[in-house]
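So the structure is just underneath, and the comments pick up after that.
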Amino acid sequence: MSDPELRRLRDSIDNIDAALVHLLAERFKCTQAVGRHKAEHGLPPADPKREAEQIARLRKLAEAAKLDPDFAEKFLNFIVTEVIRHHEALRRR
C-alpha cells in the first residue's frame with residue numbers, strides 16, 4: 001500500500017481490534033468464574049434484572065462516548081447470550 005495515512009489508520013484499527021479481543025478474553029474469564037459460582041450454589045444461569053441494569057448502564061456510556069446506544073445494546077446482548085450459554089454448560093457438568 002502506498003498511502004501512508006491509510007496505513008496509519010488501519011494500523012490503529014488493528015491495534016484497537018487486538019485490545020478488544022484481549023478485553024473480551026478477560027471479561028469471559030470473569031464471567032466463567034461467575035458461572036462456576038452460580039453452578040456451585042444452585043443459582044440460575046441468567047439474571048434478567050442484572051442484564052437490564054447492564055443494558056441501561058451501557059446505553060448511557062455509549063451516549064456519553066458518542067456511540068450508537070442501539071449498537072452498544074446489540075453488542076452487549078450478543079455477549080450476554082454467550083455468557084448464559086457458558087453458564088448453562090457449567091450447570092450441566
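The numbers here are math on the coordinates, done by the rules we state, and not lab data. Fair warning: this is a prediction, and the values are worked out from it, not measured in the lab. FYI the Cβ positions are ideal-geometry reconstructions off the backbone, even for glycines, and counts take in every protein chain you see.
Odds and ends about this structure:
- Net charge of Cβ neighbours under 15 Å - reference residue 71; Lys, Arg +1; Asp, Glu -1: 0
- Dipole of the chain, positive direction: furthest Cα of 71, 31, 9, with charges on the beta-carbon: 31
- The chain, helix-only ellipticity at 222 nm - DSSP H runs n ≥ 4, -39,500 (n - 2.57), divided by all residues, nearest 500: -30000 deg cm²/dmol
- Using C-alpha pairs under 8 Å with a sequence gap of at least 6, the mean separation divided by the residue count of the chain gives a relative contact order of 34 percent.
- Förster-model FRET efficiency, 25 Å R0, residue 15 and residue 60, C-beta, rounded to 0.05: 0.40
- Residue with peak Gaussian network fluctuation, the chain [Cα springs, cutoff 10 Å], from 34, 80, 21: 21
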